[in-house]
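Engineer: Take this structure, written in structure tokens, and hold onto it; I'll ask about it next.
No lab work stands behind these numbers, since they all come straight from the coordinates. Keep in mind that what you see is a predicted model, and the values were worked out from it rather than measured. Cβ coordinates were reconstructed from backbone atoms using ideal geometry, including for glycine residues, and neighbour counts include every protein chain displayed.
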Amino acid sequence: MPRVVAAEVDTRKTLGYRAFRGTLRVVWVLMFRPRVIGADNIPKEGRVIIAPLHRSNIDFAFVLFLSRRKAFFMAKDSLFPVPVLGRLASAMGAFPVKRGSADREAMAISQRILEADEALVLFPEGTRQSGDTVRDLHNGAMFLATRTGSPVVPVGIAQSERAMPVGAKFPRPVRVTLVVGHAINVPEASERTSRHDLDELTETLRSRLEECYTEARKLSS
């Protein structure tokens, strides 16, 4: 039986999902020859937050090479009113978020996804960043982790910024390397986690993410 976690989220691997996922994988293999190190660190079942680095608009599609699971992710709300694009985004596991504000509904949907033992992709940097250093992260990933007891898996992605830099209209062929780190296990909090504890957990994620990114860049050199 198909399960609907929330009005905006359907766990089914529909024919459209399978067709688009397969097509996208073929195109990405031809364009970027993705190399993945440590994919076994992502659980094959159960709730998990996948936390990739974000250097390019094409980063979301590399998640397809990390696991066979259908993963869910936030996408800007302006995509969904567009007839074809909105349906396609929803079929691929996207749900809307209002950019530039604390979207409580998007966070509530994220929590319900995790409580249904699904996989959630959350870019902890928020928007695209640049450079070789991982700077301060948003604490949303660790907030959700403590609310749901979900492990958080950092993913470093190297060379996607070269493949499609800011301002580029089309990507170019560049080999992209992904390094998946060990999960950060966070016990579910019985009470609301303090801001201090969230900051410490988020710094742990930042440090692990930078380690993955550094390793990915070394393998790409």
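Engineer: So what are the stretch 166-221's ellipsoid semi-axes, whole angstrom, largest first, if each one is the square root of 5 times an eigenvalue of the alpha-carbon gyration tensor?
Structural biologist: 33, 15, 10
Engineer: In which sequence would 74, 31 go, from the one with the fewest C-beta neighbours within 10 Å to the one with the most?
Structural biologist: On the way: 74 22, 31 17.
Ranked by crowding around the Cβ, least crowded first: 31, 74.
Engineer: Nearest 20 debye, what's the magnitude of the dipole of the stretch 40-133 about its Cα centre given +1 on Lys and Arg Cβ and -1 on Asp and Glu Cβ?
Structural biologist: Details: 13 positive and 11 negative charges, 50 e Å.
Using only the charged Cβ atoms, the result is roughly 240 debye.
Engineer: Express the relative contact order of the stretch 59-198 as a whole percentage, based on alpha carbon pairs under 8 Å and six or more residues apart in sequence.
Structural biologist: Details: 162 pairs, mean separation 26.6, N = 140.
Taking the mean separation of contacting Cα pairs over the length of the stretch 59-198, I get 19 percent.
Engineer: If you find the alpha carbon centre of the stretch 128-207 and of the stretch 62-95, how far apart are they in angstrom?
Structural biologist: Rounded to whole Å, the Cα centres lie 19 Å apart.
Engineer: Based on the alpha carbons, how large is the Rg to Rh ratio for the stretch 120-162 when Rh follows Kirkwood? Don't skip to the answer; put the middle values down first.
Structural biologist: Values: Rg = 11.8 Å, Rh = 11.8 Å.
Radius of gyration over Kirkwood radius for the stretch 120-162 works out to 1.00.
Engineer: Remind me, what semi-axes does the chain give for its equivalent ellipsoid, largest first in whole Å, using sqrt of 5 times each Cα gyration tensor eigenvalue?
Structural biologist: Working: eigenvalues 117, 102, 54 Å².
Three semi-axes, in Å: 24, 23, 16.
Engineer: Let me ask another. ³J(HN,Hα) across the stretch 160-173 via Karplus (A = 6.51, B = -1.76, C = 1.60, θ = phi - 60°), whole Hz, x for Gly/Pro?
Structural biologist: 5, 5, 6, 5, 8, x, 4, x, 6, 8, 9, x, 10, x
Engineer: Still on this structure: Could you give the dipole magnitude of the chain about its Cα centre, charging the beta-carbon of Lys and Arg +1 and that of Asp and Glu -1, in debye to the nearest 20?
Structural biologist: Numbers: 33 positive and 24 negative charges, 238 e Å.
For the chain, the charge dipole is close to 1140 debye.
Engineer: At 37 °C and a viscosity of 0.692 mPa s, what translational diffusion coefficient does Stokes-Einstein give for the stretch 95-212, taking Rh as the Kirkwood radius over Cα pairs? Give it in µm²/s as a whole number. Walk me through the numbers on the way to the answer.
Structural biologist: Working: Rh = 15.6 Å.
So the translational diffusion coefficient is about 210 µm²/s.
Engineer: Calculate I(q)/I(0) for the stretch 8-123 by the Debye formula, one identical point scatterer on each C-alpha and no solvent, and give its log10 at q = 0.18 Å⁻¹ to two decimals.
Structural biologist: Per q value, in the given order, log10 I(q)/I(0) is -1.01.
Engineer: Which of the helices in the chain, when you take each full DSSP H run, stretch at least 27 Å along the axis at their Cα atoms and have an average Kyte-Doolittle score of -0.5 or higher? It would help to have the intermediate numbers written out before the result.
Structural biologist: Working: long enough: 195-220 (37 Å, -1.20).
The answer is none, since no helix passes both cut-offs.
Engineer: Under 19 Å Cα to Cα from residue 13, which lysines show up? Leave out anything in the same chain fewer than 8 places away.
Structural biologist: By straight Cα distance, residue 13 reaches 44, 70.
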